[in-house]
Amino acid sequence: MWIKICGLSTQAAVDMAVASGATHIGFVFAESKRQVTPEYAKYLAKNVPKTVKKVGLFVDEDLAVVQEIVAKVGLDMVQLHGQESADYAAQVSVPVIKAFGIKDGKIPDAIADFKAHTILLDAPPAQFAGGSGQAFDWDKVDLTALDGYRFFVAGGLNPENVGQAIAIFKPTGVDVSSGVESEGVKDLEKIKKFILKVRRQ
Ligand SMILES: O=C(O)c1ccccc1NCC(=O)[C@H](O)[C@H](O)COP(=O)(O)O
């Protein structure tokens, strides 16, 4: 099971995510309270083992800027949270995770255009395009719509509910940001607890 800890902005949180067994770590380059500069992300990423995928999050960013940051930071994947097209995704030089906000439990038909990529099911955008800590309506989702897709479940996950999310969706991976924070800051114990919970499923 992939485990992605997102919105990292301190060395201690990166180290804890890696030491606890995260498979992916995320840096937000879009407008956000968790936004980091490419220079700082490069610094945070420098000792991350190759086995852990470094993911950069973007929202409707110019493709050339994305490519520049991928190269500068040494990103392994890009997560797209805006209205990016499949054509845009196909031009990104590293594998893509395409986020979709799930409203009223409806899996958007547009996921079919991203079958070659990994999908991320999230709550609809709120103040920012992601990382709201809100869950979508798990019970209303038609799970058959996800057959044949590689996908993360995200949106409002935390150490207490992640087991239920895994049981319902049987996803390829789970993704968390707000649920491993305390008062808006990554909480090292919650990161560890979240990863342990997933590993014990
Ligand atoms: O984290 C942000 O502030 C953010 C801003 C803009 C685009 C995406 C953003 N975050 C995405 C994520 O951290 C997660 O992949 C996902 O939305 C789940 O977040 P959460 O509900 O906080 O666990």
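FYI, it's all coordinate maths here, none of it is from the lab. Here the structure is a predicted model, which means the values were calculated and not measured. Using ideal geometry, Cβ is built from the backbone for each residue, glycine included, and neighbour counts are taken over all protein chains shown.
By counting other Cβ atoms within 10 Å of each Cβ, how are L157, L196 ranked from fewest to most?
Working: L157 25, L196 12.
Result, fewest neighbours first: L196, L157.
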What are the lysines whose alpha-carbon lies under 19 Å from the alpha-carbon of K50, with same-chain residues fewer than 8 places away excluded?
K4, K42, K72
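Could you line up K72, K50 from fewest to most neighbouring Cβ atoms inside 10 Å? List each step's numbers first, then the result.
Values: K72 13, K50 8.
The fewest-first ordering by Cβ neighbours comes to K50, K72.
With 15 Å as the cut-off, how large is the P(r) tail for region 3-105, expressed as percent of Cα-Cα pairs?
Values: 3072 of 5253 pairs.
So the pairs more than 15 Å apart make up 58 percent of the total in region 3-105.
Distances longer than 17 Å among the Cα atoms of region 108-201: what percent of all pairs is that? Display every interim value, and only then the final one.
On the way: 2227 of 4371 pairs.
Counting every Cα pair in region 108-201, those more than 17 Å apart make up 51 percent.
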For region 2-199, whose charge dipole is built from +1 on Lys and Arg Cβ atoms and -1 on Asp and Glu Cβ atoms, the candidate among N47, V65, G26 with its Cα farthest towards the positive end is N47
Quick one: compute the contact order of the chain, relative version, from alpha carbon pairs under 8 angstrom and 6+ residues apart, as a percent.
20 percent
In the Gaussian network model of the chain, springs joining C-alpha atoms below 10 Å, which of L143, L188, L121 carries the largest mean-square fluctuation?
L143
Contour minus Cα-Cα span, A110 to S85, at 0.36 nm per residue, comes to 8.1 nm
Taking a quarter of the surface of the Cα convex hull of region 2-199, what do you get in nm²?
9.8 nm²
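So how many Lys-Lys pairs in region 108-201 land under 18 Å Cα to Cα, not counting same-chain pairs under 8 apart?
Taking region 108-201 as the scope, the lysine pair count is 4.
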With charges set only on the Cβ (+1 for Lys and Arg, -1 for Asp and Glu), what does the dipole of region 43-186 come to about its Cα centre, in debye to the nearest 20?
580 debye
Using the charge dipole of the chain (Lys, Arg: +1 at Cβ; Asp, Glu: -1 at Cβ; taken about the Cα centre), state which of F128, G173, L196 has its Cα farthest towards the positive end.
L196
